[in-house]
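The values are calculated or read from the model by the stated rules, or taken from the named source; none is laboratory data. A quick note: this is a predicted structure, and the numbers were derived from the prediction, not measured. When we count neighbours, we look across all protein chains shown, and the Cβ atoms used for this are built from the backbone with ideal geometry, even at glycine. Each accessible area value is taken on the protein alone, full model and side chains, heavy atoms only, with ligands, DNA and RNA left out. Shrake-Rupley method; radii C 1.70, N 1.55, O 1.52, S 1.80 Å.
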Amino acid sequence: MRGSRSIYGSNEPLFIIDGIPGSYSQVNPSDIESVDVLKDASSTAIYGSAGANGVVIITTKRGKEGKATVNFDAYYGFSGSPNYKHGMVGDEWVNYQREAYKYKNGDYPSDMSALFGNQDYTDAYNAGKWIDWIDEASGNTATTQKYSLSVSGGSEKTKIFASTSYNREEGLLSNDNLNKYSLRLNIDQEIFSWAKMGFTSNLTYQDRNQGVKNTFTKGLSSFPLGDMLMIKNGKINHEYITGQYSPLGDFIEDQYVNNTRSTYLNVSGYLELSPIKDFTFTSRINGTLSDSRQGQYWGDQCNANRPSYAGSPHAAITNKNAWNYTWENILSYNTTIAKDHNIGGSVITSWNKNQNDSSLAAASGQMVDRWSFWRLASGASQHVESDFAQTQKMSFAVR
């Protein structure tokens, strides 16, 4: 919203979801009722320094009085073919190599054998075994599928909104995909004419496999002649011609894995009291738990960059855990004098605590690729890291 405003900190705006700071990426878009953007200094002032990058207020759907309403939404989209630069093949590549040969040796090569200097290369050229590595790397069509089912309804005193959704995304790389599942339950209950309470919950689970972009970079500069696939089984040929190794090494079975599984739970409840005319007291408490496990494996034949300390092959497991809670209390007064004059005031307190910890266990030198990142003890050398961070904040505001 405001460009880069911090060298080391986040440049994202502050997302306020149902009155509490939260993560936009964990909200199902189909559950959103409204979005408000606060962008000037006066409107974001109430959030202090946390609102320096702007504030986005998201309100999710709540139940409404009346008969139950069921909604189903389905979406399928694709991005088409990628417009990446392609490496040279055929006459274009040969002419380029001939010019390079002349620049180095002072004259054009007498025949193709002199140009290649390798009989296997000459044989592949004569057989027309050209390979467009960019075409092969981006063979997937990037697609997105979204399915969402929601139920809303309630009585005069009890209102409920519930939803579930499933997202499936496929990237241009065959090893890049995402499965995401989410559940939401919002309840509002009137206890007395002067008291009501509510409950909001959001549960999200993700299973993601990530590819690496250097597949395309390596494809541009790879030798374009040879047998991309093995004749005997049709699998990717690592050394596809003498001395040349496939830029598709990450797609060879059991050679590269980058899988992250994460669970996110956000639960909040509120109590609203107005026993005295023109006065309203609201107390809201929110808790968030998130947990993730990232498993990675780099085999001898993959092209993905390994950590600087890693040997080959190398495996790593990263576990991250985070929790936070926020407790806010708001006492407000609003009245009207002589029909045209409105007077209002608010006193706000907010307590927030965050805690994050992570651990990394890694090892190099595994003997069997099929073990992937599951048997770190089999590595010849181990590497361990851990981290912990905690923040807490007490805020006050009077208006």
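Structure values in brief
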| quantity | calculated |
| --- | --- |
| Candidate set from the range 149-168 (those that are without any contact (Cβ under 8 Å) to a residue 60 or more places away in the chain and basic (Lys, Arg)); member that is most open to solvent (accessible area, probe 1.4 Å) | Lys157 |
| Test: residue in the range 64-79 that is out of contact with any Gly (no Cβ under 7 Å at 6 or more places or on another chain), at pLDDT below 90 and either assigned to a strand (DSSP E or B) or acidic (Asp, Glu) (or both) | yes |
| Among residues of the range 21-73, those that are in contact with a helix residue (DSSP H, G or I) (Cβ under 6 Å, 6 or more places away or on another chain) and either open to solvent by 30 Å² or more (accessible area, probe 1.4 Å) or under 23 Å from Asp188 (Cβ atoms) (or both), counted | 4 |
| Complete set of residues in the range 116-128 that are modelled with pLDDT of 90 or more, in a helix (DSSP H, G or I) and either out of contact with any strand residue (DSSP E or B) (no Cβ under 7 Å at 6 or more places or on another chain) or under 30 Å from Phe72 (Cβ atoms) (or both) | Gln119, Thr122, Asp123, Asn126 |
| In the range 249-291, the residues that are among the hydrophobic types (A, V, I, L, M, F, W, C) and surrounded by 20 or more Cβ atoms within 10 Å (Cβ to Cβ) | Phe251, Val257 |
| Top-ranked residue in the range 74-117 [being in contact (Cβ under 8 Å) with a residue 24 or more places away in the chain, of a type in the set (Phe, Trp, Tyr) and closer than 18 Å to Ile131 by Cβ; ranked as surrounded by the most Cβ atoms within 10 Å (Cβ to Cβ)] | Trp93 |
| Ala361 being outside any loop (DSSP other than H, G, I, E, B), among the hydrophobic types (A, V, I, L, M, F, W, C), within 29 Å of the chain's Cα centre (by Cα) and over 26 Å from Gly22 (Cα atoms) | yes |
| Filter result (over 38 Å from the mean Cα position of the chain (by Cα) and either closer than 30 Å to Gln296 by Cβ or open to solvent by less than 60 Å² (accessible area, probe 1.4 Å) (or both)) within the range 326-345 | Ser332, Thr335, Gly344, Gly345 |
| Residue match in the range 237-248 (condition: open to solvent by 40 Å² or more (accessible area, probe 1.4 Å) and touching a Gly at 6+ places or on another chain (Cβ under 8 Å)) | yes |
| Residue in the range 354-399 that is least open to solvent (accessible area, probe 1.4 Å), counting only those that are in contact (Cβ under 8 Å) with a residue 40 or more places away in the chain and under 30 Å from Ser43 (Cβ atoms) | Ala397 |
| Count - residues of the range 208-262 that are closer than 17 Å to Leu172 by Cα, assigned to a loop (DSSP other than H, G, I, E, B) and charged (D, E, K, R) | 1 |
| All positions within the range 169-187 that are within 30 Å of Asp278 (Cα to Cα) and open to solvent by 30 Å² or more (accessible area, probe 1.4 Å) | Ile187 |
| Any hit, the range 131-140, residues being open to solvent by 70 Å² or more (accessible area, probe 1.4 Å) and under 30 Å from Asn209 (Cβ atoms) | yes |
| Number of the condition not met by Lys277 [criteria: (1) part of a loop (DSSP other than H, G, I, E, B); (2) closer than 30 Å to Asn342 by Cβ; (3) in contact with a Pro (Cβ under 9 Å, 6 or more places away or on another chain)] | (3) |
| Residue count, the range 19-61 (criterion: more than 27 Å from the chain's Cα centre (by Cα) and charged (D, E, K, R)) | 1 |
| Residues of the range 291-343 that turn out to be of a type in the set (S, T, N, Q), free of Cβ contacts under 8 Å to residues at least 12 places away in the same chain and not in a loop (DSSP other than H, G, I, E, B), as a count | 2 |
| Residues (within 22 Å of the chain's Cα centre (by Cα) and assigned to a loop (DSSP other than H, G, I, E, B)) located in the range 129-150 | Ser138, Asn140, Thr141, Ala142 |
